[in-house]
Amino acid sequence: MKMTVFSTHQFEKPYLESANNDTHELKLLEVRLSENTVSLAQHAEAVCLFTGDDASAPVLEKLKDLGVAYIALRSAGFNHVDIKRANELGLKVARVPAYSPYAVAEHVLALILGLNRKLTRAHNRVREQNFSLNGLIGFDMNGKTAGIIGTGKIGAVLTKILHGFGCKILAYDVEKDEKLVKDYGVQYTDCKTLCSKSDIISLHIPLTSETKHLIDDDHIALMKKGVMLINTSRGGLVDTKAVIEGLKTGRIGYFGMDVYEEEEGLFFEDRSDEILQDDVIARLMTFNNVLITSHQAFLTDTALTNIAETTIYNLDCFEKGKNSENEVF
Ligand code: NAD
């Protein structure tokens, strides 16, 4: 099959090529799919998209006109695709539902420990031959309460990790995972109670119209003073301006983010020669208790292998006219 792959990053090319093993004709493009670039899918039966690609209704309509019939997402999240319109147009969409919950959960831990033990500040100081410890006091994780919002695949792995650190786990999810209750003593509660009782809060629910800006002024006001908030799920789950206010008042004591509301068109590229136009992320960068990574939580060798293999498997199934179980409706 002919598949145009949009937003191909250098780091994933070898994984895609190896998983494909010359089976399909892949056109690997670095450009992002948008109304301006959609014509590059001409002659392709399928397109392959990443999280920053624009698969809104007008783009999908143009893909359909070009003869594209299949959309293979190299991500678990599909909030960047107008699924309703895709279904109406008869475009099949498949994703990679699980490639490594460990990759993301372990990155959460990196953010938690990096913030708690002030690793960036400490590292920068030592490089300047400043060996002072003032201002570097952290806290014991043991005995703290961690609030996990979303106990699906990633939230469940994080639960296990934080339980190992001696944390008490509170959780909020529309579905209770009884195994987590039994094995790790997880206590399910509502989102507001979780916010008011947790020392560390980590988000692991999908972004939907229902969950957009779940963490807003009202939820932040309920949080313990000095709380640590971690978002590796989707930027839109938090109202970033409310988080900035929370950081300014000290209500939020630490903020770790791997995803950002306005990350499309900003993340995944080297922009070190450009003038940063986004004043919100610029403000976030000024806080020394904020740790930002640019959507790299998934970035492990295992996850990249699984993403590439599942993507090619999805395409194989489409070619054979059968469902891969990874279709999104
Ligand atoms: P999952 O589907 O296994 O778990 C999601 C959980 O959220 C489920 O338990 C579900 O019941 C719960 N949920 C859904 N809607 C809810 C709501 N309105 N209120 C409360 N709970 C709700 O997903 P996962 O694999 O654990 O991934 C979670 C999220 O992580 C994804 O949606 C994606 O946005 C994000 N993600 C980020 C990266 C990264 O690199 N930063 C990588 C992979 C996934």
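The values are calculated or read from the model by the stated rules, or taken from the named source; none is laboratory data. Nothing here was measured: the structure is a model prediction, and the numbers come from that model. With ideal geometry, Cβ positions are generated from the backbone for all residues, glycine too; neighbour counts draw on all protein chains shown. To get the accessible areas, we keep the full protein, side chains included, count just its heavy atoms, and leave off ligands, DNA and RNA. Shrake-Rupley method; radii C 1.70, N 1.55, O 1.52, S 1.80 Å.
Can you tell me the length gained on complete extension of the stretch Leu113 to Val280, counting 0.36 nm per residue apart and subtracting the Cα distance?
57.7 nm
Using 7 Å Cα-to-Cβ label points, what is the Arg121/Asn21 separation (nm, one decimal)?
Here the modelled spin labels are 5.2 nm apart.
Using only the C-alpha atoms of the range 101-171, find the volume of their convex hull and express it per residue in Å³.
85 Å³
For the range 101-292, give the magnitude of the charge dipole about the Cα centre (Cβ charges: +1 Lys/Arg, -1 Asp/Glu; no others), in debye to the nearest 20. Don't jump to the answer; show the numbers that get you there.
Numbers: 23 positive and 27 negative charges, 226 e Å.
That gives the range 101-292 a dipole magnitude of about 1080 debye.
Taking the dipole about the Cα centre of the chain, with the C-beta of Lys and Arg at +1 and of Asp and Glu at -1, give me whichever of Ile230, Tyr70, Val38 is farthest to the positive side.
Ile230
State log₁₀ I(q)/I(0) for the range 249-300 at q = 0.16 Å⁻¹ as given by the Debye formula over alpha-carbon point scatterers of equal weight, solvent excluded.
-0.53
Most fluctuating residue of Glu88, Glu261, Glu30 in a GNM of the chain with Cα springs under 10 Å: which is it?
Glu88
Remind me, relative contact order of the chain in percent, using alpha carbon pairs under 8 angstrom and six or more residues apart?
Once divided by the residue count of the chain, the mean separation gives 18 percent.
Beyond 22 Å, what percent of the Cα pairs of the range 171-281 remain?
Of the Cα pairs, 37 percent sit more than 22 Å apart.
I want to check the label-to-label distance for Glu269 and Glu128. Put each point 7 Å from Cα in the C-beta direction and report it in nm to one decimal.
Each label point lies 7 Å from its Cα, and together they span 3.2 nm.
Measure nothing but the geometry: give the 0 to 90° angle between the long axis through the Cα atoms of 240-249 and the longest principal axis through the Cα atoms of the chain, rounded to 10°.
With rounding to tens, the tilt is 10 degrees.
Could I get the Rg over Rh figure for the range 110-215? Both from C-alpha atoms, Rh via Kirkwood, rounded to two places.
1.07
Could you size up the charge dipole of the range 160-274 around its Cα centre, putting +1 on the beta carbon of Lys and Arg and -1 on that of Asp and Glu, and report it in debye to the nearest 20?
880 debye
Any idea what the dipole of the range 151-210 comes to, in debye rounded to 20, about its Cα centre with Lys/Arg Cβ at +1 and Asp/Glu Cβ at -1?
180 debye
As an exercise, find the ratio Rg/Rh for the range 1-106 from alpha-carbon atoms, using the Kirkwood inverse-distance average for Rh. The partial results should precede the final answer.
Values: Rg = 13.4 Å, Rh = 14.0 Å.
We get a ratio of 0.96 for the range 1-106.
Using a 1.4 angstrom probe with every protein chain in place, what is the largest-first accessible-area order of Lys13, Lys27?
Lys27, Lys13
May I ask for the percentage of alpha-carbon pairs in the range 134-189 that lie more than 19 Å from each other?
Percent of Cα pairs beyond 19 Å in the range 134-189: 25.
Kirkwood hydrodynamic radius of the range 101-292 from all distinct Cα pairs, in Å?
Kirkwood radius, the range 101-292: 17.2 Å.
Taking all protein chains as present, what is the carbon and sulfur share of the accessible area of the range 160-309, in % to the nearest whole number, probe 1.4 Å?
Answer for the range 160-309: carbon and sulfur cover 48 percent of the accessible area.
Taking N as the number of residues in the range 51-133, what value does Rg over Cα atoms divided by 2.2 N^0.38 Å take?
Values: Rg = 21.4 Å, N = 83, 2.2 N^0.38 = 11.8 Å.
Taking N as the residue count of the range 51-133, the ratio is 1.82.
Looking at the calculated P(r) for the chain, what percent of the C-alpha pair distances fall above 27 Å?
Everything past 27 Å amounts to 49 percent.
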